[in-house]
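Report on the following structure.
The values are calculated or read from the model by the stated rules, or taken from the named source; none is laboratory data. All values derive from a computational prediction rather than experimental measurement. Cβ placement follows ideal geometry from the backbone for every residue including glycine, while neighbour counts extend to all protein chains displayed. The accessibility values were calculated without ligands, DNA or RNA, using every heavy atom of the protein model including side chains. Shrake-Rupley method; radii C 1.70, N 1.55, O 1.52, S 1.80 Å.
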Amino acid sequence: MKLLRSRIPGSVCSLLTAMILAAIWSACSDAPNGVTPPDAVDQESPGLDLHALSPGEQLRALTPAMRVQESHSDRLVTVYATASEPGKIPQDLDGYPIRVIVTEPFVALQEARKKCDNPPCGNPGGGGGEGGDVEPSDPTERFRPVRIGVSTGHPDITAGTIGAIVRSGNTRYFLSNNHVFANENLANYGDAILQPGRFDGGREPGDVVGTLAEFAWINFSGGNNTIDAAIARITLADANVINSTPSDGYGTPRSAPMDASIGLRVKKYGRTTGQTKGRVQGINATVNVGYDTGVARFVGQVIIGGGGFSAGGDSGSLIVVERGGNARRPVGLLFAGGGGITVANPIGEVLDYFNVSVDDQ
């Protein structure tokens, strides 16, 4: 994830629609610091209790609302250059109520580039951990064996998070975001991937743990995107890679992905905030996300609520089910956020794109 900053002017706001028998609106406000807490403006309407339904039942129940959303998407998904107030948003579309939430603009969440323009930066020499008998306790440090949930990145970016280890046949890869591994489309296949990331002291050649194998191109020209994702072929021996989080995390994710559903309790382990918990607040969301390169529109996204769930540097974290019989099943790939809200790609879309599965062995 990028630090919550962008080249977009501070007054720029995004309108996002989410499949909750409603739409979720993300906009600026005149409140102090330009942010109104997400719960401050919340036009809840009575209706179907989605929390009591299974993901499949939710999908069937919400299909009519999705059709309404799609028919209005060109009008709803927009960017404003001036502050707007909730009263300017319609209370319903074709009879479906709108839920309004005011927040900051959404931006990709990599560690702040401005802190690391001229190397050396971070902790020269490769983080603080040197491997051996004592595992580092800080996910920004150097991990050997490499684990998921720790600092990583292309040499030309600052730092993000290794989300998972995925495999295709006998070949294993690290999974993260395009803007972490592929520098917002600017990288070349075969480029080095570091652990830790450059901001945290990672350097070539000693901290190279993989090479960029494939990434989903981000369209910054107004077209729809579905994922911000990339994979890096692991260049370390199997003994030097462990597909679980550091010891204070949730452990090893399960291989079988799961569709997000409203109210689902989730957690993630990331480079900056470690392990945090939240709840799914929206699915099938359309969001405009600010990057260094420009603004990109994403459709079909998952919205996670819970203050402190993510911060700059957590981009690429794998979001999994928190507890119960589906505990540790992957739900999303974290990539953006703002104003206490986190945005994630549906993990099924990511795995299908690269034709890989989460390694749980």
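Is segment 235-355 rounded, prolate or oblate when judged by the Cα gyration tensor, a ≥ b ≥ c being the square roots of its eigenvalues, rounded requiring a/c under 1.5 and prolate requiring a/b larger than b/c? Since a/c stays below 1.5, the shape of segment 235-355 is classed as rounded. For the set GLU349, GLU135, the ranking by accessible area, highest first and with no ligand, DNA or RNA atoms included, is GLU349, GLU135 under a 1.4 Å probe.
Send over the per residue convex hull volume for segment 133-218, Cα only, as a whole number of Å³. Display every interim value, and only then the final one.
Numbers: hull volume 8.0 nm³, N = 86.
So the per-residue Cα hull volume is 93 Å³.
Protection proxy ranking, highest mean first, for peptides 187-193, 306-312: 306-312, 187-193, where packing is the per-residue count of other beta-carbon atoms within 10 Å, averaged. Label positions at GLU135 and TYR189, each projected 7 Å from the Cα along the C-beta direction, are separated by 3.5 nm.
Relative contact order, whole percent, for segment 225-280 stands at 24, derived from Cα pairs under 8 Å and 6 or more residues apart.
Note on THR293 and LYS277: their simple-model spin labels are 3.7 nm apart, each label 7 Å out from Cα toward Cβ.
Residue separation times 0.36 nm, minus the C-alpha to C-alpha distance between THR226 and ALA327: what's the value? Each step should come with its number before you reach the end.
On the way: separation 101, 0.36 × 101 = 36.36 nm, distance 2.51 nm.
Separation in residues times 0.36 nm, less the Cα-Cα distance, equals 33.9 nm.
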